1. Using the structure shown, decide if residue 137 is under 24 Å from the mean Cα position of the chain (by Cα), in a loop (DSSP other than H, G, I, E, B), surrounded by 14 or more Cβ atoms within 10 Å (Cβ to Cβ) and not aliphatic (A, V, I, L, M).
2. Does segment 144-154 contain any residue that is at pLDDT below 85, hydrophobic (A, V, I, L, M, F, W, C) and part of a strand (DSSP E or B)?
3. Got a sec? Which of 143, 120 is surrounded by 13 or more Cβ atoms within 10 Å (Cβ to Cβ), free of Cβ contacts under 8 Å to residues at least 60 places away in the same chain and within 14 Å of residue 76 (Cβ to Cβ)?
4. Please verify whether segment 49-64 includes one or more residues that are at pLDDT 85 or above, assigned to a loop (DSSP other than H, G, I, E, B) and either more than 23 Å from the chain's Cα centre (by Cα) or loosely packed, with under 10 Cβ neighbours inside 10 Å (or both).
5. Residue 84 versus (1) touching a residue at least 24 places away in the same chain (Cβ under 8 Å); (2) touching an Asp or Glu at 6+ places or on another chain (Cβ under 9 Å); (3) of a type in the set (A, V, I, L, M, F, W, C): which is the lone unmet condition?
6. I need a count of the residues in segment 68-124 that are part of a strand (DSSP E or B) and closer than 16 Å to residue 136 by Cα.
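The values are calculated or read from the model by the stated rules, or taken from the named source; none is laboratory data. Just so you know, these numbers come straight off a predicted model, no measurement behind them. FYI the Cβ positions are ideal-geometry reconstructions off the backbone, even for glycines, and counts take in every protein chain you see.
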Amino acid sequence: MSATANLKNLKQSRRRYSRRSVPMSEINVTPFVDVMLVLLIIFMVAAPMLTVGVDVELPKSAANALETENEEPLTITITKEGEIVLQTSTIPREQLITRLQGVAAERASNRIFLRADGAVQYEFVMQIMGALNAGGFQDIGLVTDIGGPALNDVSEE
């Protein structure tokens, strides 16, 4: 066979190939949607578990919730036994102000949320609030459960 005959055969085979199978110009998004739905379910299940996990019996209040911010909220918890927990780590009382000053230096916001068990003495809660202030946090939010009595709901006996 000559070179021109080989070239002619090659062109014919290309034409036959292009007639039989047309390149697919669509994107199959079904696997992408499946993966996104699975991720959505995982995040919906995992999100409630990401909250601070110290079990305290919060007092109830009729106050409205505070606005949220961009940073992860910083939470300090006082348990029924009087332990002080910053996020998830227990802190000795002597180290509280030092640790708070270190945390305050790293954060853009000076907001902190204080969670205290309802059985904790008011005096101790006020001492912790003073330590929070000394540690560099002036915006202290007290965390309570919703559904408590409002002042105007109290009946006179």
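1. Values: under 24 Å from the mean Cα position of the chain (by Cα): yes; in a loop (DSSP other than H, G, I, E, B): yes; surrounded by 14 or more Cβ atoms within 10 Å (Cβ to Cβ): yes; not aliphatic (A, V, I, L, M): yes.
So residue 137 passes the test.
2. Restricting attention to segment 144-154, the residues satisfying the condition of being at pLDDT below 85 are 144-154.
So of that shortlist, the ones also hydrophobic (A, V, I, L, M, F, W, C) come out as 146, 150-151, 154.
Now narrow it down to the ones that are part of a strand (DSSP E or B): 146.
Taking every residue of segment 144-154 in turn, at least one turns out to be at pLDDT below 85, hydrophobic (A, V, I, L, M, F, W, C) and part of a strand (DSSP E or B).
3. Values: 143 fails: free of Cβ contacts under 8 Å to residues at least 60 places away in the same chain.
Residue meeting the stated conditions: 120.
4. Let us first name the residues in segment 49-64 that are at pLDDT 85 or above, namely none.
Checked against the condition, which is being at pLDDT 85 or above, assigned to a loop (DSSP other than H, G, I, E, B) and either more than 23 Å from the chain's Cα centre (by Cα) or loosely packed, with under 10 Cβ neighbours inside 10 Å (or both), segment 49-64 yields no hits at all.
5. (2)
6. Of the residues in segment 68-124, the ones part of a strand (DSSP E or B) are 75-78, 84-86, 89-91, 111-116.
From what is left, the residues that are closer than 16 Å to residue 136 by Cα are 75-76, 86, 111-114.
Qualifying residue count for the region: 7.
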